[in-house]
Every structure is written in C-alpha cells, then in structure tokens.
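A.B. asks: Take a look at the following structure, please.
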C-alpha cells in the first residue's frame, strides 16, 4: 500500500457504497473505483492542484470528472452517512480546513478609507 491510499480493510468497508464501475450502455471500461478513489484521497491529503496528480492515477481530468459526478450524485453524503451508522466515523469530530476559508471584506468590518488602528492605540492611561 502506498502512502495516501486506502488499505484493504478501508476499501472493503466502502466499496459497496460507490456506484457500479460498468456503464449500462457498455463502451470502453473505465478505471476501477478503487484507483479513482485512491487518486481522490491523494489529492485531498496533499492539497495539490488536480493537474499535479501523479501519472500513476491516469489523466487528472478523469479523476476530476468522477469526483464531480460522485459529488453531484450524493455519493459522498451516502458514504459518510453509512460510516457514521457503522460507528466508523464520529460525526462530532468532522473539521474544515481553515486555510481555504476566506473572509469577505465586508465580513472583516473594514470600511472604505478607514485606517486600522494599532492594538496599543485602544489602551488609554
């Protein structure tokens, strides 16, 4: 098992929650759900741009397309709900990555032309 990839135990717990790999209309076989999920986990854990995914995962566009399709289909919510029901994930410990959350200028109480005062200026003798 490579770093940032699912173990056999982890994979067995969620593989049945993912959409089927075979398309009903046939056509060229797609990459396996496990390969795609490992690429998504790698992307999430490293925080790299989609275009910088290692070549072993195949074209980044394929991984991105599958990620977006699963997001739109509610696959992630279904997986999370099932993992919570199985007591594998504790929903009280879910967190957001704060480095990507930005405050709009209006949320920071800044006013046009107003100058920020230093913290020492608020202290009066």
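A.B. asks: Could I have the simple spin-label model distance between residue 7 and residue 48, label points 7 Å from Cα toward Cβ, reported in nm to one decimal?
C.D. replies: 2.4
A.B. asks: Another question, if that's okay. Distance in nm between label sites at residue 41 and residue 65, each 7 Å beyond Cα in the beta-carbon direction?
C.D. replies: Each label point is offset 7 Å from its Cα along the Cβ direction, giving 2.4 nm.
A.B. asks: Can you give me the distance in nm between label points at residue 78 and residue 32, each placed 7 Å from the Cα along the Cα-to-Cβ direction?
C.D. replies: 2.0
A.B. asks: Something else about it: With the calculation restricted to Cα positions, what are the radius of gyration and Dmax of the range 23-93 in angstrom?
C.D. replies: For the range 23-93, the Cα radius of gyration and maximum Cα-Cα distance read 14.0, 43 Å.
Coordinate-derived values only; no laboratory data. Note that the structure is a prediction, hence the values are computed from the model and not measured. Ideal geometry is used to build each Cβ from the backbone, glycine not excepted, and the neighbour counts take in all protein chains shown.
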